[in-house]
């Protein structure tokens, strides 16, 4: 019987494992991948690790975990059953792991919009988080895909990295006069034409080159902010956990979900998604779990 089983080996899960290992807990990480940031070449805005390739960051983390006796297995969890103090997690292939507590840290599923040419560019010069990738593309020609009034701010934030930004609605919603004025005041151009395709830069299939509209016209762009719709993993969905209005796992201060004894860390519980944010969430979640086990060992 483990103290804690961690499902997911990204920054949130690995940091949770490190915190628990240092707290003398018997913990195990199950991580079958692939990581959400598999397309990213480097991790940025992570103190002391800025510019580190994601695979290197994970390898360093696993080396640290080994020093504390925490194992990471490349196995996929397919079902969680049982109750607080006696959970059983079934893994792909038929094995089972028992644990007193479970931390979910498997991230979210990105559902990219069906725009021809997008998929090969995703994670490179088309990205979700400007804090993670904006600096490397600063001052270049940006676009921001916005599909709802609440996303006007997304375009305005992107303006901090470049003087040349075009907000693309694709005609998906009616932009109010107030929002038009806000964009214009910030120097953001608004284009409401439907997007037909995205083209790579000449000679580089992994860099954005242009946006093609339904009317056939092209807009030369070097980078694009795009926030895809996200859904929970099948494992989380099967548990029937309470979700917040945005679709993230609902947690309180203790990071415990609506099922006692099951906790959530990282992207699946927050729209603020970055490697360092996931690691911070993992540390706090692990601390709460350890506190709970100290006070209520069962």
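Here are some notes:
- By the beta-carbon count within 10 Å of each Cβ, the least crowded to most crowded order of 281, 176, 270, 258, fewest first, is 176, 258, 270, 281.
- Once C-alpha pairs closer than 8 Å and six or more residues apart are averaged by separation and normalised to the residue number of the chain, the relative contact order reads 22 percent.
- Beta-bridge orientation, the chain: approximately 45 percent antiparallel, per DSSP, counting only bridges with both partners inside.
- Using alpha carbons only, the radius of gyration of the stretch 219-298 set against its Kirkwood radius gives Rg/Rh = 1.10.
- Cα long-axis angle, helix 11-22 against the chain (0 to 90 degrees, to the nearest 10): 30 degrees
- Calculated SAXS-style log₁₀ I(q)/I(0) at q = 0.14, 0.16, 0.21 Å⁻¹ - the stretch 1-139, Debye, Cα scatterers: -0.73, -0.89, -1.22
- Relative counts (whole %) of C-alpha pair distances in the chain, using bins that are 10 Å wide: 6, 26, 29, 20, 13, 5, 0
- In terms of packing, defined here as the mean over residues of other Cβ atoms within 10 angstrom, the peptides 228-236, 210-218 line up highest first as 228-236, 210-218.
- When you count the other C-beta atoms within 10 angstrom of each residue and take the mean per peptide, 134-146, 240-252 line up highest first as 134-146, 240-252.
- Along each principal axis, taking the top coordinate minus the bottom one, the Cα set of the stretch 155-298 gives 64, 40, 29 Å in descending order.
- Relative to the longest principal axis of the Cα atoms of the chain, the long axis of helix 275-295 makes an angle of roughly 20 degrees.
- Ranking of 47, 268, 60 by count of other Cβ atoms within 10 Å, fewest first: 47, 60, 268
- Cβ-to-Cβ counts within 10 Å put 132, 294 in ascending order as 294, 132, the fewest first.
- Directionally averaged projected area (the stretch 183-262, Cα convex hull): 9.6 nm².
- Helical content of the chain, expressed as a calculated mean residue ellipticity at 222 nm, amounts to -7500 deg cm²/dmol (DSSP H runs of 4 or more residues, -39,500 (n - 2.57) each, divided by residue number, nearest 500).
- Relative to the longest principal axis of the Cα atoms of the chain, helix 54-67 runs at roughly 10 degrees.
- Taking 7 Å steps out from each Cα toward its Cβ at residue 76 and residue 176 produces label points 4.4 nm apart.
- Kirkwood Rh in Å, taken over the stretch 1-58 so that all alpha-carbon pairs contribute: 12.4 Å
- Based on every Cα atom in the stretch 57-110, Rg and the maximum pairwise Cα distance Dmax equal 13.1, 34 Å.
- Quick note on the stretch 92-154: its Rg to Rh ratio, both from C-alpha atoms and Rh being the Kirkwood radius, is 1.15.
- The alpha carbon centroids of the stretch 108-129 and the stretch 41-93 are separated by 24 Å.
- The stretch 113-226: translational diffusion in µm²/s, Stokes-Einstein, Kirkwood Rh over Cα pairs, 20 °C, 1.002 mPa s: 154 µm²/s
Since every read-out is calculated from the coordinates, none of them should be taken as a lab result. Since we're looking at a predicted model, the values are computed, not measured. Heads up, the Cβs are rebuilt from the backbone with ideal geometry, glycines too, and the neighbour counts pull from every protein chain shown.
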